[in-house]
Structures are given as C-alpha cells and as structure tokens.
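The values are calculated or read from the model by the stated rules, or taken from the named source; none is laboratory data. No experiment lies behind these values; they were computed from the predicted model shown. Cβ placement follows ideal geometry from the backbone for every residue including glycine, while neighbour counts extend to all protein chains displayed. When the accessible area is computed, the model is the full protein with side chains, heavy atoms only, and any ligands, DNA or RNA have been set aside. Shrake-Rupley method; radii C 1.70, N 1.55, O 1.52, S 1.80 Å.
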Amino acid sequence: GGGGDVYGYDGDKISLDCLAAYLMDCVREVVACSEASNMVLEQIRPLSYTQIRFMQVTNEQMHTWSQDVNAYLAHEDEGSFETSVRISAADVVALLGQTFGTQGWRAVLSSVMQLLDESLRLRQAGHASWWLKREACLYAVSAMCAESDVDDLAALFRPDDFMHNVVLPDLAPDSPAVLRGSALHCLACFAPSLPTEL
C-alpha cells in the first residue's frame, strides 16, 4: 500500500485507531509492570501529558456525536462496553494514579495545568479548536475523580477553585456542546465534596 497506510501480515489495512489502541495497551502494560516502575517514574510527566492529548475529541467523534447524541452518551458512559483511544488514554491516566499514588496524580495535574494554559493561549489567538485541549483536561480530571478519593485529591489541588475557575466558565451557553458536557460531568464527579454555595 502507499500513502502511509499500514498493513498487517494478513494483508488487511490497519486503522490509525487500531494502532493507537495497541499503543495504549502497550503503555498500560508498561505502567502496570513493577520492573518498569523506575523508568515510568522518570518519564511520568511527559507520559501523562501525552495521554491527556490522546483524550482529545477527534473530528470523527465530533461528526458522529453531532449526528447522534446517543452515540456521545454511549461513549461517555462508564458502564458501556464502548472503547476508543480516548477511553484507553483515560484508563492509563487512572492507572498512573493508582500505581504511583501522589506522584502519579501530581504528574497528571501538572499536565492538566499545562494544557489549560496552552488552550487559553490558543483561545486568545483566535483558534477555533482552542477548547479541545481544555475538554481533554476536564475528561482527565473526571477520570482521576472516578479512580480516587476526592478528599485525597483535595490534598493535591483545590477542587472548589478548579470548579470555580475552570469548570463553571465552561458551562456557559456559548461553550461548545462537548465542552459543556464534560464540564457538567466533572462538576458532578466533585459535587459531593464541594461547598453548597458554589
């Protein structure tokens, strides 16, 4: 084949999604491998950053979800059997926290803050896709919340400040629908531990 296409031994074309899923499986196994823990710790920050970037919504997902809101709901439902690179990357982020505790969550939160800054710069420069990195950050923080005790996370960052400064502004009517959806989900994840006046 030409044009950068990848083919398996059987001659079938392998999709980019399939290759990315294999990559996520490999990364997940390395993170979970106790013999590789020192290597992972040396690269935990760039690893968490890359995983959150893999959580960004794709054009294909946007098209599908705009045509069928049920497809969006099925994808975002934690109890569904839906799989994607986005979901696999969230699993790796959760595994970083589960495996490396505070060091893992700090790396994820540091990556979230970097990506939020990058998103803000894109927005200020007038890029229409500014919100994609921001939405991926909300997705990552929601994944963290689902896999850890909110009180433990509160020792690493202030959820009420994050909600006030990041999540609530993303619930604005002029925010892209997927960003609003992730903001609402993130708010729901932290709701039990937030002050009622928020």
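Among the residues that make up the stretch 158-167, is at least one of them touching a residue at least 40 places away in the same chain (Cβ under 8 Å), within 26 Å of THR196 (Cα to Cα) and surrounded by 15 or more Cβ atoms within 10 Å (Cβ to Cβ)?
There is at least one residue in the stretch 158-167 that is touching a residue at least 40 places away in the same chain (Cβ under 8 Å), within 26 Å of THR196 (Cα to Cα) and surrounded by 15 or more Cβ atoms within 10 Å (Cβ to Cβ).
Limited to the stretch 24-57, what total is found for residues that are open to solvent by 60 Å² or more (accessible area, probe 1.4 Å) and outside any helix (DSSP H, G or I)?
So the count comes out to 1.
I need a count of the residues in the stretch 117-147 that are closer than 17 Å to LEU187 by Cβ and crowded, with 17+ Cβ neighbours inside 10 Å.
13
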